[in-house]
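A quick write-up on the structure given underneath.
The values are calculated or read from the model by the stated rules, or taken from the named source; none is laboratory data. No experiment lies behind these values; they were computed from the predicted model shown. Reconstructed Cβ throughout: ideal geometry from the backbone, glycine too, with neighbour counts over all protein chains shown.
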Amino acid sequence: MSIDKVIIGAGFSGLLHGLSAIRAGQQVLLLERSQSPGGLIQSEEIDGIKFDSGAEAFSNVTPEFENWLSDLSLGSFVVKPNTKSPVILSKIGVHAIPQGVFGVPVSLDDSGLEFLGAPALALARKLDAKPLPENLDELSVRELIDLRLGPAFTDSLVGPVISGVHGSLPEHLEARSVLGGLVKELKSKGSIVEAAKTLRGDKPAPGSAVASFEGGMHLLVEKLVDEFVQSGGTLRLGTDVSRITRLSDGQFEIEAGETIRARNLVIATTANAAARMLVEFHELSVALQEIESLETLLVTVLVESPELNSFPIGTGALVAEDLGLAVKATTHINAKWEWLNDKLKKDQHLVRFSFRNSRKLDGIEQKSAILESFDLIYGVKSPKLLGQVEVFWEDSLVKASAGHLRRIERIKSLVEPLGIELRGAYMSGNGLLGILKHELETREGDLIGTGI
Ligand SMILES: Cc1cc2nc3c(=O)[nH]c(=O)nc-3n(C[C@H](O)[C@H](O)[C@H](O)COP(=O)(O)OP(=O)(O)OC[C@H]3O[C@@H](n4cnc5c(N)ncnc54)[C@H](O)[C@@H]3O)c2cc1C
């Protein structure tokens, strides 16, 4: 059997590319290792209540995602979160995320920054007026923010926000990888605050920078799969690709229990998974292994607690490292999404906790960390636990550490002559918006549907 195009991995990247290739008139076979498509977009259930267990929203800082859903006739499913945005908890206290980009404010006159104190704000003004360093592209997030705004901004604002999204500390992340737009604007504006203002425009509260799909992002995956299959694509689940070789006629031979031949090949997995199946392409495989990734442990609990009915911390909290808690972020899910709140019984609440060190806690430690978080973050002592689901995501978030973009450039230079296409969050950056933008920039067929 020889096919026009085989795509490996039916996460968001693979599904999107599958739709695009089908629209370009290609015959497409999508191979997925697990029994359910969606990759990091999955669902779990507690007491009959279904919720997203991985990605739960998309960024709408720029309009592409929402526009794309509208073009697919799915615009009516877009839901906005409760406008109360998450708060940041640090040693200084509880404070809101200022309007801006990843905690970098659009104005140092924002009254929400007063908690930092006058000396820290005066220092930020002084630092952000200084000439830019020559090594801007080499800086970590911590180095960049310390340099332009001072360490108080890194510890109490940008650090917690960036760790919440990328799972790593600001000193471990390359600024131009995870704050690419901001670094670019900084180079032209000369001020990081002005750069944030340019990017953020007049978008109001930080909470409004995301949106989701009514009923959960996992329902979007169902719609995309339906569209892909109805358009003539084939999705094969439970199919683990172990090895890829190139034949003398230029075709690819794909070992996946059976042997499949393809004229075109797209790998839409994590870098680690791609490295394993590409061992025959030694240099590329080694370069892919150099991409770092993180594990993520999420625990979602259903509790009964009238004290939570007032949504005491809005939609959730990002916890600064200096507090020393095991939890690094929490989402009060039904405070964030009304469609979910409508499904819960009186005084019931669904709360998600994301852990700093996914491997270090046993069951008892985990339970006490959750109760401690309810107490210290939500101000609720011993809520009645009704159910709990733990999800461990292995090899999930890309860790864009120092030199990440150089490593990606090298991978691109190695893969291009081979005629293999690589898709996935390590190529486009963590997050669904980045993946969509990458696909829109490089698409073959029209991603706009006839109406799913
Ligand atoms: C806990 C968590 C929460 C997140 N929340 C958000 C959020 O709210 N908003 C947001 O924008 N982003 C979020 N992200 C990031 C976002 O989920 C990812 O960037 C995105 O889903 C990655 O999609 P992908 O298709 O590139 O990779 P994946 O989703 O990892 O998909 C890769 C697929 O390849 C398959 N595969 C791997 N190896 C093989 C093989 N050998 N053979 C066949 N198939 C294989 C895998 O089973 C998987 O289905 C979150 C990430 C995590 C971990």
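Quick notes
- Residue pairs meeting the criteria (Cβ under 7 Å; at least 6 apart or on separate chains; first of a type in the set (Lys, Arg), in the range 313-329; second in a helix (DSSP H, G or I)): Lys328/Ser163; Lys328/Gly164
- Residue check for Ala152: surrounded by fewer than 16 Cβ atoms within 10 Å (Cβ to Cβ), over 22 Å from the mean Cα position of the chain (by Cα) and hydrophobic (A, V, I, L, M, F, W, C): no
- Count of the range 31-53 residues which are more than 16 Å from Leu350 (Cα to Cα) and more than 6 Å from the ligand (Cβ to nearest atom): 5
- Out of Arg148, Arg125, sole residue that is among the basic types (Lys, Arg) and touching a residue at least 40 places away in the same chain (Cβ under 8 Å): Arg148
- Note on the range 237-257: among residues that are among the charged types (D, E, K, R) and away from the ligand (no atom under 13 Å from the Cβ), the one that is surrounded by the fewest Cβ atoms within 10 Å (Cβ to Cβ) is Asp249.
- Top-ranked residue in the range 301-346 [being among the acidic types (Asp, Glu) and out of contact with any Leu (no Cβ under 8 Å at 6 or more places or on another chain); ranked as surrounded by the fewest Cβ atoms within 10 Å (Cβ to Cβ)]: Asp342
- Residue in the range 386-422 that is surrounded by the fewest Cβ atoms within 10 Å (Cβ to Cβ), counting only those that are polar (S, T, N, Q) and within 20 Å of the chain's Cα centre (by Cα): Ser401
- Selection within the range 1-23 - outside any loop (DSSP other than H, G, I, E, B), within 23 Å of Val391 (Cα to Cα) and near the ligand (Cβ under 7 Å from one of its atoms): Gly11, Phe12, Ser13, Gly14
- Ala274 buried (at least 19 other Cβ atoms within 10 Å of the Cβ) and either under 21 Å from the mean Cα position of the chain (by Cα) or within 13 Å of the ligand (Cβ to nearest atom) (or both): yes
- All of Glu56, Glu66 fail the test of being surrounded by fewer than 20 Cβ atoms within 10 Å (Cβ to Cβ) and either within 15 Å of the ligand (Cβ to nearest atom) or not charged (D, E, K, R) (or both), apart from Glu66.
- Selection status of Arg263, more than 12 Å from the ligand (Cβ to nearest atom), of a type in the set (Lys, Arg) and assigned by TED's automatic domain parsing to the domain that holds Ile411: yes
- Ala268 within 12 Å of the ligand (Cβ to nearest atom), touching a helix residue (DSSP H, G or I) at 6+ places or on another chain (Cβ under 9 Å) and more than 21 Å from Ser401 (Cβ to Cβ): yes
- Listed by position, the helices (runs of 4 or more DSSP H) inside the range 360-452 whose residues that are more than 21 Å from Leu325 (Cβ to Cβ), away from the ligand (no atom under 16 Å from the Cβ) and at pLDDT 90 or above number at least 1 are 404-415.
- Test: residue in the range 128-141 that is in a strand (DSSP E or B) and without any contact (Cβ under 8 Å) to a residue 24 or more places away in the chain: no
- Residue, nearest to the ligand (Cβ to nearest atom), within the range 277-314, restricted to residues that are within 19 Å of Val161 (Cα to Cα) and of a type in the set (Ser, Thr, Tyr): Thr296
- Single residue of the range 314-350 satisfying the filter (farther than 15 Å from Ile97 by Cβ and of a type in the set (Gly, Ala, Ser)) that is modelled with the lowest pLDDT: Gly324
- Restricting attention to the range 301-330, the residues that are in contact with a Ser or Thr (Cβ under 7 Å, 6 or more places away or on another chain) and within 19 Å of Lys346 (Cα to Cα) add up to 2.
Yes/no per residue for (1) surrounded by 23 or more Cβ atoms within 10 Å (Cβ to Cβ); (2) in the same structural domain as Leu436 (by TED's automatic domain parsing); (3) on the phi < 0 side of the Ramachandran plot; (4) at pLDDT 95 or above:
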| position | (1), (2), (3), (4) |
| --- | --- |
| Gly11 | yes, yes, yes, yes |
| Leu16 | yes, yes, yes, yes |
| Gln26 | no, yes, yes, no |
| Glu32 | yes, yes, yes, yes |
| Gln35 | no, yes, yes, yes |
| Asp52 | yes, no, yes, yes |
| Thr62 | no, no, yes, no |
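- Conditions (1) more than 11 Å from the ligand (Cβ to nearest atom); (2) under 28 Å from the mean Cα position of the chain (by Cα); (3) farther than 30 Å from Pro86 by Cα: number failed by Ala317: (3)
- Condition check for Phe355: surrounded by 13 or more Cβ atoms within 10 Å (Cβ to Cβ), assigned by TED's automatic domain parsing to the domain that holds Ala320 and farther than 23 Å from Gly39 by Cβ: no
- If you go through the range 215-233 and keep only what is at positive phi and either more than 12 Å from the ligand (Cβ to nearest atom) or surrounded by fewer than 22 Cβ atoms within 10 Å (Cβ to Cβ) (or both), you end up with Gly215, Gly232.
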